[in-house]
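A short write-up of the structure that comes next.
Nothing in this text is a laboratory measurement; each read-out follows from the coordinates by a stated rule. It should be emphasised that the depicted structure is a prediction, and the values quoted were computed from it without experimental measurement. Every residue, glycine as well, gets a Cβ built from its backbone with ideal geometry; the counts of neighbours run over all protein chains shown.
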Amino acid sequence: MKRTITLLTLAFAAMLMLTASQGAGLKNYQCKKCAIVVRAEQAPSALGCRVDGSHQWQELGAVGMMNYHCMKCRVNVENRYEPSPKSCPNGGDHQWNKLGKVGPLRFQCRKCGLDIRTEDTPNPIGCPNGGNHQWYKSH
């Protein structure tokens, strides 16, 4: 059993490293109107925004291995560095919280429902529903 878990952990780590190296040119883009986040090498097409037909993309930064969560628009992105604070869809600047490194464990907050993959229990600070996140391991 222990050997199986170790092999699965190593396989997942190798997959994450491969994904990260393949995504070296990928960036996270968020529409200022509908809040959707897309990973792409360049700004995606403006067509198809559910708010009024045309997306208005804001580059958040390079895709990476750190989870960041905005308390205002509730989006979570896996970025290399802290994402750009500019143009939160909920007005003003984003309020980013660093939650932890991307990893094989899944956690969900009982209060806001955020579901993320991390190496360890995520940072509890900054639940958009008030106070701290209440993390539990999810499957």
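Taking amide hydrogens as modeled 1.01 Å from N in the peptide plane, which residues meet the under 5 Å criterion relative to K27, leaving out close sequence neighbours?
Those lying under 5 Å, H to H, from K27 are A40, E41, V63.
Work through the residues other than K72 whose Cβ is under 14 Å from its Cβ and net out their charges, Lys, Arg +1 and Asp, Glu -1.
Numbers: positive: K32, R74, K86; negative: D93.
Around K72, the charge tally is +2.
Can you check what the net charge comes to around W57, using other residues whose Cβ is under 15 Å from the Cβ of W57 (Lys, Arg +1; Asp, Glu -1)? Walk me through the intermediate numbers first.
Working: positive: K27, K32, K33, R39, R50, K86; negative: E41, D52, E59.
It works out to a net charge of +3.
Run through the range 76-129 and list the chymotrypsin sites (Phe, Trp or Tyr not before Pro) located in a DSSP loop whose Cβ has at most 16 other Cβ atoms within 10 Å.
Taking the range 76-129 and a limit of 16 other Cβ atoms within 10 Å, the loop chymotrypsin sites (Phe, Trp or Tyr not before Pro) found are Y81.
Summing Lys, Arg as +1 and Asp, Glu as -1, what charge do residues with Cβ under 11 Å from the Cβ of N123 carry, N123 excluded? Could the numbers behind the result be given before it?
Details: positive: K98, K101; negative: D120.
With Lys, Arg at +1 and Asp, Glu at -1, the net is +1.
Mind listing the long-range amide H neighbours of V75? Cut-off is under 5 Å, sequence gap 5 or more, other chains count too, H placed in the peptide plane at 1.01 Å from N.
For V75, whose amide H was placed from the backbone, the distant partners under 5 Å are C70.
Distance from the Cα centre of the range 27-49 to that of the range 61-139, in angstrom?
When both Cα centres are located, 18 Å separates them.
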